[in-house]
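A quick write-up on the structure given underneath.
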C-alpha cells in the first residue's frame, strides 16, 4: 500500500488573550501592554515560508485562526496575513476561513472588516449564558455581551458561526445547562460545540478545583439530555463534541478527524503532513513561547520538533481522530491515509466488535453508542509499543490535546 495525499488545511495560532481562564491548557498568554501585531504577522509569514517546501503545489481547503483570542487582532492584520498567505498557497474557491472570537473583545464595525478580509466563519467562545457560571469560569464577558456580539456578527452578514458551550460547570444544574442551549438556539447558530468541563493538568482548576462540579452521574445526565435537545433543534451530532445543521459541519475540523493534512504556523502550533516522496507522515510543532517564536520564526530555531510517524504508530493516530466521528471511517480511507493494508488492524477490529464498541458494515467502521462512551478504551486497542519515545510527541496534533478533543473543533 502507498500513502495518498489528503486535503490540506492551514492552522494559524494567535497566542494572546486578555486574561488566562483557569481551565485553559492551550498555549495562550495574557497580553500585557501593546501587542506586537505587525511583528507577529511578519513572523507568521516567515514561518509559513519556511514550511512551504513541505506543501508545494497543494490546495488549501480551510484556514483556522485559533488562540488565545484571535479577535484581539484588528481586522487589518488578519487581512494582511490572508492576502500574503493566499499569494503563497492556492486557496480553493469558497475556502472555509474561521476566526475564533471572544465576546468580550467584540467591537462594532470589526465584524464587517473581518468579512471584507475574507473570514467567512466565526467561532464564539461563549461557554455559558449564565453570568454566575461565566464568573466562576473566569470569563471576561457576561451573557448580555455574548448575545450582543453574536448579533453584531449577524448584522455584518455572518450566517455561518459556531457557539462554544460547556456543561458540568461549577454549581451548574441540569436546568441551567438546558437554559444555555435554549438561549443558544434563539441566536440560530449553524454549529454548536458542546463539551464537558475537564480539569486539565497544569491549569489553575487542576491545582485548586472549584467547588460544586457535578459528579459523573450528573454530568452524564446533562450530556444525554442536551444531546436530545440539540437533535430536536436540528443539530446533528457528527463528532464527540460537535453538532451542526445540515451541511454546516466545520470543514477544518473534519479534516483533522479524517486524518487530513495541515500546516501549523504560529507559537506552539502543530502541523501534520503526508510526504508522498518519502512515503511518511511528518508531525512538526513550533516553539511555544511568543517571545522566542518572534525571534526564531522563519528559521530552524522556531521548530519545536519534527516527528516522522512510522507505520506501526499510524493506526493509533488514525483511530485517535477517526473514532471521534459518529460516522466512523471507511477501510479504504484508512488504507489511503496510513499507507497500510486493512489487514493491519483486523485483529483490533475483531476485538472491538466483540466488545460491542464498533460495528463493521462492509467497508464502513462505526463506533456504537457504547463505543462512543468508551472511546479511549477503543483507541488503546490500536496502541503499539514500537520502542519510540513519545514523551515529546503530541499524537493528536493541535486538536486532540484539548479536552481530549482538539478544539479547535469548533
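What follows draws every value from the coordinates through simple rules; no lab data is involved. Owing to the predicted nature of the structure, the values given are computational and were not obtained by experimental measurement. Reconstructed Cβ throughout: ideal geometry from the backbone, glycine too, with neighbour counts over all protein chains shown.
Give me 262, 167, 77 ranked fewest to most by other Cβ atoms within 10 Å of their Cβ, as a rough exposure proxy.
77, 167, 262
Whole number please: convex hull volume per residue of the Cα set in the range 125-235, in Å³? Please list the in-between numbers first.
Numbers: hull volume 11.2 nm³, N = 111.
Given the Cα convex hull of the range 125-235, per-residue volume reads 101 Å³.
In Å³ and rounded to a whole number, note down the convex hull volume per residue for the Cα atoms of the range 235-364.
Measuring per residue, one finds 142 Å³ for the Cα hull of the range 235-364.
May I ask you to derive the relative contact order of the chain, considering only C-alpha pairs under 8 Å and at least 6 residues apart, and to give it as an integer percent?
Contact order relative to length: 19 percent.
Over the range 315-387, what is the mean sequence separation of C-alpha contacts under 8 Å (at least six apart), divided by residue count, expressed as relative contact order in percent?
39 percent
If contacts are Cα pairs under 8 angstrom and at least 6 residues apart, what is the relative contact order of the range 1-155 in percent? Can you show the working numbers first?
Working: 224 pairs, mean separation 37.9, N = 155.
Across the range 1-155, relative contact order equals 24 percent.
If you look at just the Cα atoms of the range 315-387, how large are its Rg and its Dmax in Å?
Rg, Dmax (Cα atoms, Å): 11.1, 34.
Name the most mobile residue of 128, 28, 143, meaning the one with the largest mean-square fluctuation, in a Gaussian network model of the chain with Cα contacts below 10 Å.
143
Among DSSP beta bridges lying fully in the chain, give the percent that are antiparallel, nearest 5.
Bridges in the chain that DSSP calls antiparallel: roughly 45 percent.
So what's the convex hull volume per residue for the Cα atoms of the range 1-85, in Å³?
125 Å³
Would you mind ranking 288, 135 so that the residue whose beta carbon has the fewest other beta carbons within 10 Å leads the list?
135, 288
Scale the Cα Rg of the range 58-211 by the rule-of-thumb value 2.2 N^0.38 Å and send over the ratio, two decimals.
It is 1.12.
Return the Rg/Rh value of the chain, two decimal places, where both radii are evaluated on C-alpha atoms and Rh is the Kirkwood radius.
On the way: Rg = 20.6 Å, Rh = 21.8 Å.
In the chain, Rg relative to Rh is 0.95.
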